[in-house]
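Working notes for the structure below.
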Amino acid sequence: MKHILFDLIGCPFDLLDSETHVKVSLFNAAKKANSKVLDLGSHKFEPQGVSGYALLADSHISMHTWPEKGVAKCDIFTCGEHCKPYEAVEYLKKHFLAEEVQSDAFDRLL
């Protein structure tokens, strides 16, 4: 099992403030990670910001955005041997045009 906590830094305001962009990105990131999406959810905050999640057959991906700071705080937790969580991180970096990614990865045990 792998749990990656990561920050997308230097992202454009409009991408981070779009609820649709966040949900589509989480769905596609799950596919890149070779995970099955069971559910998607999100909430748009006022005046800005989005929180979203993809519930996966093998755990979850979540994202919380601060458009005014150009930052998204994210995590992906996968427990399937077939999963590729680093590919999801790379996809989200590109899809949010992040200038930088800071991350920590943890092996989780049962």
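Here, each number is a calculation from the coordinates, and none is a lab measurement. Treat the numbers as computed from the prediction; the structure is a model and nothing was measured. Glycine gets a Cβ as well: all are built from the backbone with ideal geometry, and neighbour counts include every protein chain shown.
Sorted ascending by nearby beta carbons within 10 Å, beginning with the fewest, Met63, Met1 become Met1, Met63. Helical runs assigned H by DSSP (4 residues or longer) give the chain a calculated mean residue ellipticity at 222 nm of -7500 deg cm²/dmol, each run adding -39500 (n - 2.57) before division by the residue total. Across the options Leu92, Ile61, Ser35, the greatest Cα extent toward the positive end of the charge dipole of segment 2-107 (unit charges at beta carbon of Lys, Arg, Asp, Glu) belongs to Ser35.
For the chain, leaving out every one of the trypsin sites (Lys or Arg not before Pro) that falls in a DSSP loop and has at most 14 other Cβ atoms within 10 Å, the longest unbroken run is 37-107.
Here the contact order of the chain, divided by its residue count and restricted to Cα pairs under 8 Å and six or more residues apart, works out to 42 percent.
Loop-located GluC sites (Glu not before Pro) in segment 50-101 (DSSP state other than H, G, I, E, B) with a sparse environment of at most 14 neighbouring Cβ atoms within 10 Å: Glu81, Glu99. Pairs over the 22 Å Cα-Cα cut-off, from the set Lys73/Lys93; Lys36/Lys69; Lys69/Lys93; Lys32/Lys69; Lys2/Lys69: Lys36/Lys69; Lys32/Lys69; Lys2/Lys69. Annotation: amide H of Lys36 within the under-5 Å range of Ala57, Asp58, sequence separation 5 or more or interchain, hydrogens built in the peptide plane. Which of these values of mean projected area of the Cα convex hull in nm² was calculated from the structure shown: (i) 8.2; (ii) 6.9; (iii) 6.0? Identified label for the calculated read-out: (iii). Of all beta bridges that DSSP places with both ends in the chain, some 100 percent have antiparallel geometry. Karplus-derived 3J(HN,Hα) values for segment 93-108, using 6.51 cos²θ - 1.76 cosθ + 1.60 with θ = phi - 60°, are 4, 5, 6, 9, 6, 5, 6, 8, 10, 10, 8, 9, 10, 10, 8, 10 Hz; glycine and proline are entered as x.
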